[in-house]
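What follows is one structure encoded as structure tokens, with my remarks underneath.
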Amino acid sequence: QDVEDDRGSPAPAPKDNVEISSRDRVIFPNSGETKGDLADYYEAIAPIMLPFASSRPLSLVRCPQGRAKKCFFQKHDNGGFGDGVKAVPIKEKDGGAEDYLFIEDARGLLQCVQMGTIEFHGWCARSDAVEKPDRMVFDLDPDEGLDFTEVRDAARDIRKHLADIGLTSFAMVTGGKGIHVVVPLTPGHDWEAHKSFAQRFAKALAQAQPDRFTATMSKEKRKGRIFIDWLRNQRGSTAVMPYSARARANAPVAAPIAWNELEKLEEANGFTIGDTNRLLDRAKSKKLAGWGFADQRLPDV
Ligand code: ATP
Ligand code: MN
Ligand code: MN
């Protein structure tokens, strides 16, 4: 059947057709990518990004005048984004509730970009079950000047320690300096158990190898070490979503990595929004098949 109706009027615009204003505005000054380039990146990458970023409370990094000007985090829905950006009420510590924002489709993704969003960060829980975390993230933050090879080795060691307790994990370069080791989890346990597990895991590593790792945020204790940032795993915290662009020089993106390609990797910011086709091809390839998915629960420890 023809999609056009019998009067010959044009078919309606696709659902995710979001009007992007100021397409020529330069968002990344030193490399030259515009708001239009960013929107095209997100439109193309949406099918492989949405499985991770949809239906999850988000925190957006918005830089309406580009990354070199004022940027701000936004986690609450103020109603100004459009119909593709949804709100989920979440209880605050004081007993009240606030509307957090989430998206479900490419339309929501692009409406965020239209509003100057560069980065998408997400909770470790889905918007339909905010009290039951479904992913754990170990965010490896190297001290300044530490070689990337150290970060790679740390990620591999963490993978092994997780495997020893029966947990499958995946690596992602952040588009910045480090690697996130991501542990998908079948929801069931609460935030208390989630945070406590992450904290104990990170502290045990830091205790076993204090010359390589620290589990405390202090910059002082990080000297020459890697901070295993387990604090991403608290209720309300976020981590950058796979395929999110970063508001950093040269428009890098957070990119899933297969464990066996890690050893050849030279930096965490090697993929950019100019690599759309390469990222799409990689996502379809065997080496990244199943990346980020595993049906597993935290061990009772
Ligand atoms: P890098 O590899 O360079 O460390 P990163 O994304 O891991 O990149 P971090 O500074 O380690 O950057 O931050 C980890 C996560 O913590 C971020 O991805 C973000 O989701 C969250 N975060 C950091 N700063 C803030 C902030 N000011 N407000 C809200 N969330 C933040
Ligand atoms: Mn980090
Ligand atoms: Mn961190």
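Derivation of every value follows stated rules applied to the coordinates shown; laboratory data play no part. Computed from a prediction, not measured in an experiment: that's the story for all the values here. Reconstructed Cβ throughout: ideal geometry from the backbone, glycine too, with neighbour counts over all protein chains shown.
Residues are listed down the side, and each one gets a yes or a no for (1) away from ligand 1 (no atom under 11 Å from the Cβ); (2) of a type in the set (A, V, I, L, M, F, W, C):
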residue: ILE103; (1), (2): yes, yes
residue: TRP123; (1), (2): no, yes
residue: GLY145; (1), (2): yes, no
residue: PHE170; (1), (2): yes, yes
residue: LYS177; (1), (2): no, no
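Scanning segment 27-47 for residues that are of a type in the set (S, T, N, Q) and assigned to a loop (DSSP other than H, G, I, E, B) yields ASN30, SER31.
If you filter segment 226-243 down to residues that are of a type outside the set (S, T, N, Q) and in a helix (DSSP H, G or I), you find that the one that is farthest from ligand 2 (Cβ to nearest atom) is LEU231. The condition of being more than 14 Å from ARG232 (Cα to Cα) and either under 18 Å from the mean Cα position of the chain (by Cα) or surrounded by 20 or more Cβ atoms within 10 Å (Cβ to Cβ) (or both) does not hold for THR186. Checking ILE158, ILE103, ILE118 one by one, the residue that is in contact with a helix residue (DSSP H, G or I) (Cβ under 8 Å, 6 or more places away or on another chain), within 16 Å of ligand 2 (Cβ to nearest atom) and β-branched (Val, Ile, Thr) is ILE158 and no other. In summary, ALA289 fulfils each of the numbered conditions (1) aliphatic (A, V, I, L, M); (2) surrounded by fewer than 18 Cβ atoms within 10 Å (Cβ to Cβ); (3) within 16 Å of ligand 2 (Cβ to nearest atom) with the single exception of condition (3).
Scanning for something among the charged types (D, E, K, R), within 12 Å of ligand 1 (Cβ to nearest atom), buried (at least 19 other Cβ atoms within 10 Å of the Cβ) and more than 17 Å from GLU150 (Cβ to Cβ), does segment 226-234 turn up at least one residue? Scanning segment 226-234, I find at least one residue that is among the charged types (D, E, K, R), within 12 Å of ligand 1 (Cβ to nearest atom), buried (at least 19 other Cβ atoms within 10 Å of the Cβ) and more than 17 Å from GLU150 (Cβ to Cβ), so the answer is yes.
Look at (1) of a type in the set (Ser, Thr, Tyr); (2) crowded, with 18+ Cβ neighbours inside 10 Å; (3) within 13 Å of ligand 3 (Cβ to nearest atom) and you find that TYR243 fails only one, number (3).
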